[in-house]
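These notes concern the structure reproduced below.
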Amino acid sequence: MGSETLREANGRFPKAMEVRATEIREQLKAPRAGAIAGILFSILLILCLVLIRVSVPANPADEGTWLSVRGRSVHLGFSLLPFAGIAFLWFIGVLRDRMGAKEDRFFATVFLGSGLLFLAMMFVSSAVAGGLTMTYATIPGKLMDSGIYTFARAVIYEIVNMYAIRMAAVFMISTCTVAIRIGIFPRWMAFLGFALAVLLILSPGRLYWAPLALPLWTLLISVYVLLANLRPRPAGTPIRDQTE
């Protein structure tokens, strides 16, 4: 009887170790997946914003000469935006999974809502701008004379510089708050995010390159989390400590 019990215990021990090893691997994959998604999102959005901001004048009351001169660059920038959006959704999903049982309902709701609103506004502005460039390629004269260009340009400016940027700031604030609580990345990165978020809230339309704050900050924390999780973990060290 004793020998049978011993054999059963010996049989369960390797299985328990295997289950634990699988759990550890899954826990390690989540931060890496989120970091990779964040890096892809950052690079794609930076390219998109640079292509557009270099080509389109800062003044929303411009005459639209960029449509004929820089139209292809703008079209390329808008073509990258859907892929940046996909990576951003993956980034949000992995971060929420990382929160797990420690998720604060209030900040998690603000985090998810602001991220989705930011992405939706960017998609809407991209669709309006894409329709504008397609219309100009078909009937350039009628577009400029009808006033549609002036209206569409103003709508895009308002969506991006007044609403989307502020939603990006709220997303950064909620992400930093959650990060401080569960230790996704160091506190100084969280405080940097707070400062950049305040800058985005207070300077819509004033700083032409302000929208780059979100992808650059996301790139910083994503690279840190990826490198931290690629380093060998000392035996007995909690997985959470890799990103603290």
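Here the 3J(HN,Hα) profile of region 129-138, calculated from phi with Karplus coefficients 6.51, -1.76 and 1.60 at θ = phi - 60°, is 5, x, x, 5, 5, 5, 5, 5, 5, 8 Hz, Gly and Pro shown as x. Put a dot 7 Å past each Cα toward the Cβ at Arg72 and Leu199; how far apart are the dots in nm? For Leu199 paired with Arg72, the spin-label model returns 3.4 nm. Couplings 3J(HN,Hα) for region 45-52, derived from phi with the Karplus relation 6.51 cos²θ - 1.76 cosθ + 1.60 (θ = phi - 60°), are 5, 4, 4, 4, 5, 5, 4, 6 Hz, where x marks Gly and Pro. Centre-to-centre separation between the Cα atoms of region 33-91 and those of region 115-189: 10 Å.
What spacing in nm lies between the two simple spin-label points modelled at Ser146 and Ile86, each 7 Å away from Cα in the Cβ direction? Result for the modelled spin labels: 3.3 nm.
On full extension, the segment bounded by Leu116 and Asp97 gains 5.2 nm, given 0.36 nm per residue less the C-alpha separation. Once the 1.4 Å probe is applied to the protein heavy atoms, region 65-220 comes out at 50 Å² accessible per residue. The modelled label-to-label distance between Trp209 and Val223, using points 7 Å beyond Cα along the C-beta direction, is 1.6 nm. Each residue of region 201-215 is assigned a 3J(HN,Hα), and the resulting list reads 5, 8, 10, x, x, 8, 9, 5, 9, 4, x, 6, 4, 5, x Hz, derived from the Karplus form 6.51 cos²θ - 1.76 cosθ + 1.60 (θ = phi - 60°), x at Gly and Pro. Normalised by 2.2 N^0.38 Å, where N counts its residues, the alpha-carbon radius of gyration of region 87-168 equals 1.51. Remark on region 56-199: ratio of C-alpha radius of gyration to 2.2 N^0.38 Å is 1.28.
The values are calculated or read from the model by the stated rules, or taken from the named source; none is laboratory data. Computed from a prediction, not measured in an experiment: that's the story for all the values here. Don't worry about glycine lacking a Cβ; one is built from the backbone with ideal geometry, like all the others, and counts go over all protein chains shown. The accessibility values were calculated without ligands, DNA or RNA, using every heavy atom of the protein model including side chains. Shrake-Rupley method; radii C 1.70, N 1.55, O 1.52, S 1.80 Å.
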